[in-house]
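Q: Sending over a structure as structure tokens; questions will come in a sec.
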């Protein structure tokens, strides 16, 4: 997910699916970092460590802050006690769900060895492992 | 990267749900890279005031347009033509709106609907009314040219012309509405995004910051400064070509030194 540059951006028919997967991964990564953190994590550090875009991070924050699971202070982001309990309760759903998507490659730079006219899975470096690290 | 701007952009994205979609990431990151703290004021203002529409809005507007055609204007499919503004062999935003309106009208209208402006007039026998459909009215120039050409053509000058658009700038709509004696409906009527800002000091500050930002993309002010003919539009209908009346910082894909620039919205 880190550097899905334009050649890897899915076409319109798969864009929403792609965005959904990106958001799930962002949620997983952000929660993981905040769960481990003992002090508030500044935005820049959160984006860098979680390797997510500012858009995904904001969407995750908007969702989780509404339920009181994350708070944003001047020093950074923090998982609340309620958020910790919720993450533990839902750990299987959040962290262990296999996320994968297929899309029609738009560019020949997608793969040197395969035809671009067929549905492909993402290259290995862009797939999401069972335990996303 | 300025962390203050990054924090402000983050806050902005949490407030505007459409901006949180991954498809807008590159355009938004370009704003963070390119803006100074004071220039970011105008980005915040434009994005906050930008009217972001989806296919749901288009459908709702088409439903109202259908009701206006049949119930307010009392038009009959037997003597009325509905015509989109697309040119031969060119894609056009009006086509989607014509289609959406078609789906809201009874089936008896099917034969009266044309997406292509030129070919529409090949089968015009017995028609009295004409409804021109466009997705967006900016200055009103494009639609006005069509109206003038129809009125100057002996074969079409007897038509009573109506117009429907999904959205438009209030000055363009007013100009065309006068031409059509009020027979124009636009679902959304938009005002200039900066000039109408109150208080005036705030407006002047935003103008100054926009001029500063546009220096990065234009070597000198031109036709698209503040949008085509200074329209100052802040509007986007999802998955369509953004109108050139919008501020060019939203869609101009080159910097003034001709290097490529990431844009928030596509325009071709």
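The values are calculated or read from the model by the stated rules, or taken from the named source; none is laboratory data. Just so it is clear, the structure is predicted and the values come from calculations on it, not from any experiment. Quick reminder, even Gly has a Cβ in these numbers, built from the backbone with ideal geometry, and neighbours come from all protein chains shown.
Yes/no matrix, rows are residues, columns are (1) more than 22 Å from the chain's Cα centre (by Cα); (2) touching a residue at least 24 places away in the same chain (Cβ under 8 Å); (3) in the same structural domain as residue B:212 (by TED's automatic domain parsing); (4) closer than 21 Å to residue B:232 by Cα:
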| site | (1), (2), (3), (4) |
| --- | --- |
| B:12 | yes, yes, yes, yes |
| B:15 | yes, yes, yes, no |
| B:19 | no, yes, yes, yes |
| B:26 | yes, yes, yes, no |
| B:37 | yes, yes, yes, no |
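Q: Does residue B:45 satisfy the condition of being at positive phi and surrounded by fewer than 21 Cβ atoms within 10 Å (Cβ to Cβ)?
A: No: the conditions fail for residue B:45.
Q: Among the residues of the stretch B:166-173, is there at least one that is in contact with a helix residue (DSSP H, G or I) (Cβ under 6 Å, 6 or more places away or on another chain) and either assigned by TED's automatic domain parsing to the domain that holds residue B:90 or over 21 Å from residue B:70 (Cβ atoms) (or both)?
A: The answer is yes; a qualifying residue exists.
Quick grid of which residues meet (1) modelled with pLDDT of 85 or more; (2) closer than 17 Å to residue B:25 by Cα; (3) within 13 Å of another protein chain (Cβ to nearest Cβ):
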residue: A:4; (1), (2), (3): no, yes, yes
residue: A:10; (1), (2), (3): no, yes, yes
residue: A:13; (1), (2), (3): no, no, yes
residue: A:26; (1), (2), (3): yes, yes, yes
residue: A:31; (1), (2), (3): yes, no, no
residue: A:34; (1), (2), (3): yes, no, no
residue: A:39; (1), (2), (3): yes, no, no
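Q: What's the number of the condition residue B:252 fails, among (1) crowded, with 17+ Cβ neighbours inside 10 Å; (2) within 19 Å of residue B:41 (Cα to Cα)?
A: The failed condition is (2).
Q: Which of the numbered conditions does residue B:236 fail, given that it passes all the others? Conditions: (1) away from every other protein chain (no Cβ under 14 Å); (2) crowded, with 20+ Cβ neighbours inside 10 Å; (3) in a loop (DSSP other than H, G, I, E, B); (4) within 12 Å of the chain's Cα centre (by Cα).
A: So the condition that residue B:236 fails would be (3).
Q: Quick one: residue B:200 ticks every box in (1) assigned by TED's automatic domain parsing to the domain that holds residue B:40; (2) touching a residue at least 24 places away in the same chain (Cβ under 8 Å) bar one, so which box is it?
A: (2)
Q: Another question, if that's okay. Among residues belonging to the stretch A:44-56 that are assigned to a helix (DSSP H, G or I) and at the interface with chain B (Cβ under 7 Å from one of its Cβ atoms), point out the one that is farthest from the chain's Cα centre (by Cα).
A: So the residue we want is A:44.
Q: Can you tell me how many residues in the stretch A:57-78 are more than 13 Å from chain B (Cβ to nearest Cβ) and on the phi > 0 side of the Ramachandran plot?
A: 1
Q: Still on this model: With (1) loosely packed, with under 12 Cβ neighbours inside 10 Å; (2) free of Cβ contacts under 8 Å to residues at least 12 places away in the same chain; (3) more than 23 Å from residue B:17 (Cβ to Cβ) as the list, and residue A:91 as the residue in question, which single condition is left unmet?
A: With respect to (1) loosely packed, with under 12 Cβ neighbours inside 10 Å; (2) free of Cβ contacts under 8 Å to residues at least 12 places away in the same chain; (3) more than 23 Å from residue B:17 (Cβ to Cβ), residue A:91 is out only on (1).
Q: Does at least one position in the stretch B:243-251 carry a residue that is within 30 Å of residue B:68 (Cβ to Cβ), assigned by TED's automatic domain parsing to the domain that holds residue B:24, in contact with a helix residue (DSSP H, G or I) (Cβ under 7 Å, 6 or more places away or on another chain) and at pLDDT below 95?
A: No, the stretch B:243-251 contains no residue that is within 30 Å of residue B:68 (Cβ to Cβ), assigned by TED's automatic domain parsing to the domain that holds residue B:24, in contact with a helix residue (DSSP H, G or I) (Cβ under 7 Å, 6 or more places away or on another chain) and at pLDDT below 95.
Q: Test each condition in (1) assigned to a helix (DSSP H, G or I); (2) at pLDDT 85 or above for residue B:120 and report the one that comes out false.
A: (2)
Q: I need the full set of residues from the stretch B:69-106 which are outside any helix (DSSP H, G or I), buried (at least 18 other Cβ atoms within 10 Å of the Cβ) and within 17 Å of the chain's Cα centre (by Cα), in order please.
A: Within the stretch B:69-106, B:84, B:85, B:86, B:92, B:93 qualify.
Q: Still on this model: In the stretch A:64-78, what residues are part of a helix (DSSP H, G or I) and at pLDDT 95 or above?
A: A:64, A:65
Q: Can you say whether residue B:148 is free of Cβ contacts under 8 Å to residues at least 24 places away in the same chain and either within 20 Å of residue B:94 (Cβ to Cβ) or not in a loop (DSSP other than H, G, I, E, B) (or both), as far as the supplied structure shows?
A: So residue B:148 fits the description; yes.
Yes/no matrix, rows are residues, columns are (1) under 15 Å from residue B:58 (Cβ atoms); (2) out of contact with any strand residue (DSSP E or B) (no Cβ under 7 Å at 6 or more places or on another chain); (3) assigned by TED's automatic domain parsing to the domain that holds residue B:239; (4) in contact (Cβ under 8 Å) with a residue 60 or more places away in the chain:
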| position | (1), (2), (3), (4) |
| --- | --- |
| B:100 | yes, yes, no, no |
| B:104 | yes, yes, no, no |
| B:116 | no, no, no, no |
| B:120 | no, no, no, no |
| B:128 | no, no, no, no |
| B:143 | no, no, no, no |
| B:156 | no, yes, no, no |
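Q: Given the stretch B:1-68, what helices (runs of 4 or more DSSP H) lie entirely inside it while holding 2 or more residues that are away from chain A (no Cβ under 14 Å) and out of contact with any helix residue (DSSP H, G or I) (no Cβ under 8 Å at 6 or more places or on another chain)?
A: Passing ranges, in order: B:55-67.
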